[in-house]
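**Q** Following this message is one structure expressed as structure tokens.
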Amino acid sequence: DQQVKQNSPSLSVQEGRISILNCDYTNSMFDYFLWYKKYPAEGPTFLISISSIKDKNEDGRFTVFLNKSAKHLSLHIVPSQPGDSAVYFCAASVSGTYKYIFGTGTRLKVLA
Amino acid sequence: DAMVIQNPRYQVTQFGKPVTLSCSQTLNHNVMYWYQQKSSQAPKLLFHYYDKDFNNEADTPDNFQSRRPNTSFCFLDIRSPGLGDAAMYLCATSTLAGTSTDTQYFGPGTRLTVL
């Protein structure tokens, strides 16, 4: 039972354009969502998060949007840079449970 | 630099031969996690410690055990590795676990091969 789904295993985008990575979840109890970036041979690193009380959170080139009614979140990267090429994981949590459920990841390739 | 360290980075063991993976942290975080990640799959939480309190996931096989002798160290013991246990094992820490501003810090992982 995959509670967090990233249905696109890969995405290619031209440098300078927008990258949009999507994530869907099924558990309506989730109230905190995170995006991680993972380079080969490294562990995932935290990128940006959003609480369910918000529908948008921005940090520089990265913006996460949350649509609670659709149980959908997306990560926008604008403008995309070659260094953004990595695997991106979304994760979801219910506050107070100390548990994070991860999606399967989307491999982003930014073409120069 | 404060960080999460995993040793070894690559571990080869034989079918049925016990193996221990280690994780240490210099962040002084109170929560430590172990995840198993197989190729093209999501990292799967095996268990976590909140300080010394051990929390096992319901579907974590009994073959997997963990020890946390102090704040800095956490070990993953696989008592009798099977071929299906070959995976990347990720250790993570957090300090505000369960709050709305929490984040996890991951180590680089240990890739386990079972022959």
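**Q** I'm trying to understand the selection: among the residues of the stretch B:76-85, which are among the hydrophobic types (A, V, I, L, M, F, W, C) and either assigned to a strand (DSSP E or B) or free of Cβ contacts under 8 Å to residues at least 24 places away in the same chain (or both)? Can you show your working first?
**A** Kept after step one, since they are among the hydrophobic types (A, V, I, L, M, F, W, C), are these residues of the stretch B:76-85: B:76, B:78, B:83.
Listed by number, the residues that qualify are B:76, B:78.
**Q** Sort out which residues of the stretch B:17-35 are under 18 Å from residue B:77 (Cβ atoms) and either within 11 Å of another protein chain (Cβ to nearest Cβ) or modelled with pLDDT under 95 (or both), and write them in order of number.
**A** B:23, B:32, B:33, B:35
**Q** While we're here: Is there any pair linking a residue in the stretch B:102-113 that is closer than 15 Å to residue B:36 by Cβ to one that is among the β-branched types (Val, Ile, Thr) and surrounded by 19 or more Cβ atoms within 10 Å (Cβ to Cβ), with Cβ under 6 Å and at least six apart or on different chains, and which?
**A** As it stands, the answer is B:107/B:4, since those pairs meet every condition given.
**Q** Is at least one residue of the stretch A:86-106 more than 14 Å from chain B (Cβ to nearest Cβ) and of a type in the set (D, E, K, R)?
**A** So the first thing to find is which residues in the stretch A:86-106 are more than 14 Å from chain B (Cβ to nearest Cβ), and the list is none.
So far as the stretch A:86-106 goes, no, none of its residues is more than 14 Å from chain B (Cβ to nearest Cβ) and of a type in the set (D, E, K, R).
**Q** In the stretch A:28-46, how many are surrounded by fewer than 17 Cβ atoms within 10 Å (Cβ to Cβ), more than 15 Å from the chain's Cα centre (by Cα) and within 14 Å of chain B (Cβ to nearest Cβ)?
**A** 4
**Q** Which numbered condition trips up residue B:99, out of (1) modelled with pLDDT under 95; (2) part of a strand (DSSP E or B); (3) within 10 Å of chain A (Cβ to nearest Cβ)?
**A** Among (1) modelled with pLDDT under 95; (2) part of a strand (DSSP E or B); (3) within 10 Å of chain A (Cβ to nearest Cβ), the lone unmet condition for residue B:99 is (2).
**Q** So if I check each of B:110, B:71, B:26, which one is on the phi < 0 side of the Ramachandran plot, in contact with a His (Cβ under 9 Å, 6 or more places away or on another chain) and of a type in the set (Val, Ile, Thr)? Before you say what the answer is, go through the steps one by one.
**A** Details: B:110 fails: in contact with a His (Cβ under 9 Å, 6 or more places away or on another chain); B:26 fails: in contact with a His (Cβ under 9 Å, 6 or more places away or on another chain).
On inspection, the qualifying residue turns out to be B:71.
**Q** What number of residues in the stretch A:1-26 are surrounded by fewer than 20 Cβ atoms within 10 Å (Cβ to Cβ) and within 14 Å of chain B (Cβ to nearest Cβ)?
**A** Final tally of qualifying residues: 10.
**Q** If residue B:67 passes every condition in (1) free of Cβ contacts under 8 Å to residues at least 12 places away in the same chain; (2) in contact with a Cys (Cβ under 6 Å, 6 or more places away or on another chain) but one, which one does it miss?
**A** Against the list (1) free of Cβ contacts under 8 Å to residues at least 12 places away in the same chain; (2) in contact with a Cys (Cβ under 6 Å, 6 or more places away or on another chain), residue B:67 comes up short only on (2).
**Q** Tell me, please, whether a residue that is crowded, with 18+ Cβ neighbours inside 10 Å, at negative phi, in contact with an Asp or Glu (Cβ under 7 Å, 6 or more places away or on another chain) and more than 9 Å from every other protein chain (Cβ to nearest Cβ) can be found in the stretch A:47-64.
**A** Looking through the stretch A:47-64, at least one residue is crowded, with 18+ Cβ neighbours inside 10 Å, at negative phi, in contact with an Asp or Glu (Cβ under 7 Å, 6 or more places away or on another chain) and more than 9 Å from every other protein chain (Cβ to nearest Cβ).
**Q** Counting residues that are in contact (Cβ under 8 Å) with a residue 24 or more places away in the chain and among the aromatic types (Phe, Trp, Tyr), which strands (runs of 3 or more DSSP E) fully inside the stretch A:1-84 reach at least 3? I'd like the intermediate steps shown before the answer.
**A** Details: elements: A:10-14, A:19-25, A:32-38, A:45-51, A:56-59, A:62-67, A:72-77.
Of the strands (runs of 3 or more DSSP E) lying wholly inside the stretch A:1-84, those with at least 3 residues that are in contact (Cβ under 8 Å) with a residue 24 or more places away in the chain and among the aromatic types (Phe, Trp, Tyr) span A:32-38.
**Q** (1) surrounded by fewer than 16 Cβ atoms within 10 Å (Cβ to Cβ); (2) within 26 Å of residue A:107 (Cβ to Cβ); (3) of a type outside the set (Val, Ile, Thr); (4) touching a residue at least 24 places away in the same chain (Cβ under 8 Å): which one isn't true of residue B:41, the others all being true?
**A** So the condition that residue B:41 fails would be (4).
The values are calculated or read from the model by the stated rules, or taken from the named source; none is laboratory data. Predicted model, so just to flag it, every value in this text is computed and none were measured. So basically every Cβ, Gly included, is an ideal-geometry build from the backbone, and we count neighbours across all protein chains shown.
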